[in-house]
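Q: Structure provided below as structure tokens; questions to follow.
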Amino acid sequence: MNILVVYSSRTGNTKRVAQSIADVLGVKAVDVKTNPDYTAFDLIVAGYWVDRGGPNHEMKSYLQGITHKKVALFSTLGADPLSEHGKNSVAAGIDSLGDDSTCVGTFICRGKVDPLLVEQMKGRFPVGHPHAYTPEWLARIDAAAAHPTEEDLESARLFAEQLKVTYH
Ligand SMILES: Cc1cc2nc3c(=O)[nH]c(=O)nc-3n(C[C@H](O)[C@H](O)[C@H](O)COP(=O)(O)O)c2cc1C
């Protein structure tokens, strides 16, 4: 089976996960910026970083253009992957798929948040807002700081192994 691994990554977290997955599948991870032609592939494994609760813009556009295919999705985000926000971000990725494409698997893990962004958030949102600069918000940023960890990358490899067993 022909497998395409395509990713979008602003600061490298999603790229690292993409490379771990691609290694297991024996292919090269391709940057979505090169707009790879997916039509000849039987399975597309596509990764995005979470931007305001869903796939980042570039990958969202790419996903919307994928029709009649099996797609496995992976993503990285600053928040807890098991939070409502995390679950909704996976659902938003699935919702982005084009006509008659089916999501056959998902993987999500934390990814450290760009320190420049953290600095810019200071004082930008009022208390009560999910991104308000509170100790709780900072704790979430701290919790993401070491990710993706070697353990995350190992989980990503396991995800890829499962795809390999099912679709190779
Ligand atoms: C502009 C911007 C918006 C973001 N929005 C979210 C978000 O809504 N939820 C979240 O959990 N993380 C959010 N993040 C954090 C990133 O999803 C996270 O750091 C991700 O691992 C970055 O991946 P990358 O290194 O591949 O670019 C945001 C980061 C940026 C820069």
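Q: For residue 75, enumerate residues with amide H under 5 Å from its amide H, sequence gap 5+ or separate chain, H modeled in the peptide plane.
A: 48, 107, 108, 109
Q: Also, I was wondering about something else. Using modelled amide H (1.01 Å from N, peptide plane; none on Pro or chain starts), what sits under 5 Å from the amide H of residue 113, excluding residues fewer than 5 places away?
A: Amide H neighbours of residue 113, under 5 Å, 5+ apart: none.
Q: Any idea what diffusion coefficient the chain gets from Stokes-Einstein, in µm²/s, Kirkwood Rh on alpha carbon pairs, 20 °C, 1.002 mPa s?
A: For the chosen part, D equals 132 µm²/s.
Q: Next up: Just the number, please: carbon plus sulfur as a percent of the accessible area of the stretch 1-56, 1.4 Å probe, no ligands or DNA/RNA counted.
A: Of the solvent-accessible surface of the stretch 1-56, carbon and sulfur hold 44 percent.
Q: How big is the accessible area of residue 119 in square angstrom, nearest 10, if you roll a 1.4 angstrom probe over the protein chains?
A: Approximately 100 Å² of residue 119 is accessible to the 1.4 Å probe.
Q: Comparing 13, 56, 35, which has the greatest mean-square fluctuation in the GNM of the chain with Cα pairs linked when under 10 Å apart?
A: For the chain, modelled as a Gaussian network with Cα springs under 10 Å, the answer is 35.
Q: Over the chain, with the other protein chains present, what is the accessible area per residue in square angstrom, probe 1.4 angstrom?
A: On the way: 8790 Å² over 168 residues.
Counting only protein heavy atoms, the per-residue value for the chain is 52 Å².
Q: May I pose another question? Which is the longest run of the chain containing none of the trypsin sites (Lys or Arg not before Pro) found in DSSP loop states (not H, G, I, E, B) with at most 13 other C-beta atoms within 10 Å?
A: 53-121
Q: With θ taken as phi - 60° and the coefficients 6.51, -1.76 and 1.60, list the Karplus ³J(HN,Hα) couplings across the stretch 78-90 in order, rounded to whole Hz; mark glycine and proline as x.
A: Result, ordered by residue: x, 7, 5, x, 8, 6, 4, 4, x, 5, 5, 5, 5 Hz.
Q: Same structure again: When only the heavy atoms of the protein chains count and the probe is 1.4 Å, how do 41, 159 rank by accessible area, highest first?
A: Reading off the accessible areas and sorting them downward yields 41, 159.
Q: Rounded to a whole number, what % of the accessible area of the stretch 77-164 do carbon and sulfur atoms account for, probe 1.4 Å?
A: Values: 2830 of 5090 Å².
Whole-percent figure for carbon plus sulfur exposure: 56.
Q: Another question about this same structure. Running a GNM on the chain with Cα contacts under 10 Å, which residue among 74, 125, 107 ends up with the highest mean-square fluctuation?
A: Checking each option, the largest mean-square fluctuation is seen for 125.
Q: Suppose each label sits 7 Å from its Cα in the direction of the beta carbon; what would the residue 106-residue 23 distance come out to in nanometres?
A: 2.6
Q: Now for a different question. Given Cβ point charges of +1 (Lys, Arg) and -1 (Asp, Glu) and nothing else, what value in debye, to the nearest 20, does the dipole of the stretch 33-168 about its Cα centre take?
A: Result for the stretch 33-168 is approximately 200 debye, rounded to the nearest 20.
Q: Just by accessible area at a 1.4 angstrom probe, what is the order of 149, 34 from largest to smallest? Present the calculation step by step, with values, prior to reporting the outcome.
A: Values: 149 35, 34 90 Å².
Order by accessible area, largest first: 34, 149.
Q: To continue, here is another question. Give me a comma-separated list of calculated 3J(HN,Hα) values for the stretch 93-107, in order, Karplus coefficients 6.51, -1.76, 1.60 applied at θ = phi - 60°, integers in Hz, x for any Gly or Pro.
A: x, 4, 4, 6, 5, x, 3, 6, 8, 10, 7, 9, x, 9, 9
Q: Give the ranking of 147, 57 by solvent-accessible surface, highest area first, calculated with a 1.4 Å probe.
A: 57, 147
Q: For a quick check: with amide H placed at 1.01 Å from N, whose amide H comes under 5 Å from residue 5's, ignoring anything fewer than 5 positions away on the same chain?
A: Answer set, sorted by chain and number: 30, 45.
Q: Sticking with this structure for a sec: Note the full-extension length gain between residue 139 and residue 94 as 0.36 nm times their separation in residues minus their Cα-Cα distance, in nm to one decimal.
A: Working: separation 45, 0.36 × 45 = 16.20 nm, distance 2.87 nm.
13.3 nm is the gain from fully extending residue 139 to residue 94.
Q: Which whole-Hz couplings ³J(HN,Hα) result when phi for each residue of the stretch 113-120 is put into the Karplus expression 6.51 cos²θ - 1.76 cosθ + 1.60, θ = phi - 60°, listed in order with x for Gly and Pro?
A: These are the phi-based 3J(HN,Hα) values: 9, 3, x, 5, 5, 4, 4, 5 Hz.
The values are calculated or read from the model by the stated rules, or taken from the named source; none is laboratory data. Just so it is clear, the model here is predicted, and its values are computed rather than measured. Virtual Cβ from ideal backbone geometry, glycine too; neighbours counted across all protein chains shown. Side chains included, ligands, DNA and RNA excluded: accessible areas come from the protein's heavy atoms. Shrake-Rupley method; radii C 1.70, N 1.55, O 1.52, S 1.80 Å.
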